[in-house]
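Take a look at the structure below.
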Amino acid sequence: MKLIVAEKPSVGRDIAASLGRGRKEKGAVVGDGWTVTWAVGHLAELAPPDAYGEEYKRWRLESLPILPEKFKVRVNYKTRDQFSVVKSLMRDPSVTEVVNACDAGREGELIFAYLYGLAGCKKPVKRLWISSLTPEAIREGFASLRDGSAMKPLEDAARSRGEADWIVGMNATRAYSTKFGTVGNVLSVGRVQTPTLKLLVDREREIENFKPEKFWTVYARFARDDKHYDGIWFKEKQNRLKKREAAEAIAAKVRGGVGVVRKAEKKTATEKPPLLFDLTELQRNANSKYGLTADRTLRAAQALYEERKLITYPRTSSRYLSKDMVPGLAKRVEAAGALPDLAPFAAGLLALPRLPVSKRIVDDSKVTDHHAILPTNKKPSGELPPDEAKVYDLVARRFLAVFLPAARFENTTVVTVVRDETFLSRGRVVLEAGWRALYPDGVGGKKEKEPPILPAVEKGQEWSVAKVAVKEGETKPPPRYSESALLGAMETAGKFVEDEELRQAMKDSGLGTPATRAATIERLLKVGYLVRDKKVLVPAEKGRALIELLGESPLASPELTAQWEERLAKMEKGSENRTRFMDDVSGFATILVDEVRAKEGEKVAAIKKSGGNGGAKNGGAKNSEPLGVCPKCGSPVVETKKSYGCSAWKAGCKFAIWKAVSGKRISEAQARLLLTKGRTGQLKGFKSKAGKPYSAALILDGEHKVRMEFGER
């Protein structure tokens, strides 16, 4: 018997269906010579500190750092029944081989490694490595199973990532919370989340410290034979004047004059198609165009991959394809063409003798675990849920775009001189839309402002000055981070990099990975360090106070965690030593705890007073620090005047825990208990309509409504 372990029940059932007929059993599907079972995400996890000794049950600075010699793994209490199924199957004498069919990536490797170890299994392991869940892809994957031992470097990187986050997170959070926190105010600190928070806090400081300066610009309109064009005054590449009087003097000087064309230059420029999507770029585009959060985009992409079988594995960091995929690309083009908007473009590509494949599309050296996100051969049928429809359109449209010709433009530059003052005019004519024909509304979703088309202008011509205007402007501070911009900054560890191919080269040294960045942002929102203000992310007072408290600590440095991510990426490839890496992490945690012990306590007040919203609007919330997560939609739950309600109230989520229930006022602590445990203990103080007091427990039912439960439990 061959035992196949998938990561999720839905994937397990897909694998079973592709292998042949099978019968359903508890937590498994059994066929002829094979059994498919599954995890439910993380069935096992790293044990908490108290598993290493009674002294760690209480949060005390004296007991830090906690540095386990060997990490303990425990079964997740919520999914222990399914673990029992997997364990008994792994120990079944009839099972001679185990196939790891968890998601083909770092986390999938870790989920299987924990299960395999906890079950005490010693049987040989094979690895199913696929990027698509269509029956054909699954069968092809089983025809070329990898040897389990070949995945050891990836397992090492997965274990190291989990253990490094545990060491830094547990020690830093306990150290800062015990010394600088207050009762009920845990200061969550993490290897990736804290440097990410620092990016936002640093930007907020830049905005606050920015001092706007006024400037003036001079514009002139040149006319001749019923035609005209506009120009802006410049001198030595500078077009702004610091004094209004200087601008007015130039305007008066050229008014009513005649301009002579000193330069009229036309140049043809090309713009190549963008690269294919990896997860980060997909999330950035979905945020820019549709306002989807990174988390919503990931959930939609996972559904398109797991349930609909319409796209390939989304948690990828590559934006290229491998050579062996080229023969099957035409079928994917055909599937993408099932969307009415894309049908003409797909038909045009399929009419070609062969698809125009270039090094910008296919490059084996830039494909590691997974290739870029693509549509599968399966055509979409029926109406998709809104988020999934948007994400599928983005993926299919980008896939077709990479095969289309470059966009071609004719750029015109004109320099006109009037009484020794020079004016610059720029224009553009689209010669060939090329791939941009797929994006009539602009690549980012906003209609891009095109330069004007200039009339025929030649060097030496004279054009009358028809109009002159002086405009006042003001320098602007840098913008706050949108989720799209923050994802881009995390990808390059805060360094400004616009070039797509250079960004791709830096992907191994960013903050987190494409698969974890959305969760990092959601975590910062959940613990009250950030708030959403429409489309931007704003650091709350609590987040700002923490970064101020950390000061120059390397824990807040984007460079440090970026270097660690780079080492983990090397470990995946077998070129970094796991023991050396973990020794460095333990040494860092030791230094960090010592630094906290030595820190002055004057900044305690900043933390105690924190909890404001950093100036962001919060829908009437009294305190922007979330109490927990909305069970209905996943948004933060915040305190308002009458309730503890979902922050997405205006967007349509009406979840609320009302502060007054049957004459009793519900406290913040009781609301938190409802959100985390789904129930409170027995509470006194409720009153009937007749005014009689009674006791009851509050529970959240299956419809996410607050109900009463009577009697002692």
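The values are calculated or read from the model by the stated rules, or taken from the named source; none is laboratory data. These figures come from a predicted structure and were not determined experimentally. Glycine gets a Cβ as well: all are built from the backbone with ideal geometry, and neighbour counts include every protein chain shown.
What's the total number of residues in segment 182-223 that are part of a strand (DSSP E or B) and closer than 30 Å to Ala469 by Cα?
Counting residues in segment 182-223 that are part of a strand (DSSP E or B) and closer than 30 Å to Ala469 by Cα gives 10.
Looking at Val362, Val402, Val367, which one is crowded, with 16+ Cβ neighbours inside 10 Å, among the hydrophobic types (A, V, I, L, M, F, W, C), in contact with a Phe, Trp or Tyr (Cβ under 7 Å, 6 or more places away or on another chain) and within 16 Å of Pro273 (Cα to Cα)?
After ruling out the rest, the residue left standing is Val362.
Is it true that some residue in segment 150-171 is in a strand (DSSP E or B) and among the β-branched types (Val, Ile, Thr)?
no
Do the conditions hold for Leu438, that is, is it within 30 Å of Ala223 (Cβ to Cβ) and in the same structural domain as Glu462 (by TED's automatic domain parsing)?
Taking the combined requirement at face value, the residue does not satisfy it.
Among residues belonging to segment 1-29 that are within 20 Å of Leu145 (Cβ to Cβ) and part of a strand (DSSP E or B), point out the one that is nearest to the chain's Cα centre (by Cα).
Out of the qualifying residues, it is Ala6.
Among the candidates Ala143, Ala113, which residue alone is closer than 17 Å to Ala16 by Cα, small (Gly, Ala, Ser) and out of contact with any Phe, Trp or Tyr (no Cβ under 9 Å at 6 or more places or on another chain)?
Ala143
All but one of (1) modelled with pLDDT of 95 or more; (2) in contact with a Lys or Arg (Cβ under 9 Å, 6 or more places away or on another chain); (3) within 19 Å of Glu107 (Cβ to Cβ) hold for Leu145, so report the exception by its number.
It is condition (3) that Leu145 fails.
Restricting attention to segment 630-676, which residues are crowded, with 19+ Cβ neighbours inside 10 Å, in contact (Cβ under 8 Å) with a residue 40 or more places away in the chain and not hydrophobic (A, V, I, L, M, F, W, C)?
Of everything in segment 630-676, those that are crowded, with 19+ Cβ neighbours inside 10 Å, in contact (Cβ under 8 Å) with a residue 40 or more places away in the chain and not hydrophobic (A, V, I, L, M, F, W, C) turn out to be Pro636, Ser647.
Would you say Leu241 is out of contact with any strand residue (DSSP E or B) (no Cβ under 6 Å at 6 or more places or on another chain) and not charged (D, E, K, R)?
Answer is no for this residue.
Any residue at all in segment 393-403 that is under 30 Å from Gly634 (Cβ atoms), in contact with an Asp or Glu (Cβ under 8 Å, 6 or more places away or on another chain), without any contact (Cβ under 8 Å) to a residue 12 or more places away in the chain and not in a loop (DSSP other than H, G, I, E, B)?
no
Tell me, please, whether a residue that is within 18 Å of Gln283 (Cβ to Cβ), in contact with a Pro (Cβ under 7 Å, 6 or more places away or on another chain) and modelled with pLDDT under 85 can be found in segment 502-518.
No - not one qualifying residue is present in segment 502-518.
If I ask for residues that are among the acidic types (Asp, Glu) and more than 29 Å from Arg578 (Cα to Cα), which ones from segment 55-93 would you list?
If the condition is that a residue be among the acidic types (Asp, Glu) and more than 29 Å from Arg578 (Cα to Cα), then Asp81, Asp92 are the ones that fit.
What is the one condition in (1) without any contact (Cβ under 8 Å) to a residue 40 or more places away in the chain; (2) touching a Leu at 6+ places or on another chain (Cβ under 7 Å); (3) of a type in the set (Gly, Ala, Ser) that Ala44 does not satisfy?
Here Ala44 meets the rest and fails (1).
For every residue, the table says whether it meets (1) at pLDDT below 95; (2) surrounded by 12 or more Cβ atoms within 10 Å (Cβ to Cβ); (3) within 44 Å of the chain's Cα centre (by Cα).
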site	(1), (2), (3)
Ser425	no, yes, yes
Gly434	no, yes, yes
Gly444	yes, yes, yes
Pro451	yes, yes, yes
Gln461	no, yes, no
Glu474	yes, no, yes
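Within segment 265-280, identify whether any single residue is under 30 Å from Gly488 (Cα atoms) and in a helix (DSSP H, G or I), and answer yes or no.
yes
How many residues does segment 191-222 contain that are outside the structural domain of Thr513 (by TED's automatic domain parsing) and buried (at least 22 other Cβ atoms within 10 Å of the Cβ)?
3
Considering segment 700-713 alone, what residues qualify as being modelled with pLDDT of 85 or more and either over 25 Å from Tyr77 (Cβ atoms) or in contact with a Ser or Thr (Cβ under 8 Å, 6 or more places away or on another chain) (or both)?
Lys705, Met708
Is there a residue in segment 104-125 that is more than 26 Å from Asp165 (Cα to Cα) and among the charged types (D, E, K, R)?
yes
Has segment 248-264 got at least one residue that is under 35 Å from the mean Cα position of the chain (by Cα) and not assigned by TED's automatic domain parsing to the domain that holds Ala489?
No.
So if I check each of Ala113, Ala39, Ala16, Ala51, which one is buried (at least 20 other Cβ atoms within 10 Å of the Cβ) and without any contact (Cβ under 8 Å) to a residue 24 or more places away in the chain?
Residue meeting the stated conditions: Ala16.
Can you tell me which residues in segment 56-75 are outside any loop (DSSP other than H, G, I, E, B) and over 17 Å from Val593 (Cα atoms)?
Result: Val73, Arg74, Val75.
Has segment 241-259 got any residue that is crowded, with 21+ Cβ neighbours inside 10 Å and not in a helix (DSSP H, G or I)?
Yes, that holds for at least one residue.
Looking at Asp230, Asp278, can you tell me which residue is surrounded by 13 or more Cβ atoms within 10 Å (Cβ to Cβ), of a type in the set (D, E, K, R) and within 41 Å of the chain's Cα centre (by Cα)?
Asp278 is the lone residue from the list that is surrounded by 13 or more Cβ atoms within 10 Å (Cβ to Cβ), of a type in the set (D, E, K, R) and within 41 Å of the chain's Cα centre (by Cα).
Please give the number of the condition Ala335 fails out of (1) outside any helix (DSSP H, G or I); (2) in contact with a strand residue (DSSP E or B) (Cβ under 6 Å, 6 or more places away or on another chain).
Status for Ala335: all satisfied but (1).
Is it fair to say Lys309 is surrounded by fewer than 21 Cβ atoms within 10 Å (Cβ to Cβ), part of a loop (DSSP other than H, G, I, E, B), charged (D, E, K, R) and in contact with a Lys or Arg (Cβ under 6 Å, 6 or more places away or on another chain)?
In short, yes.
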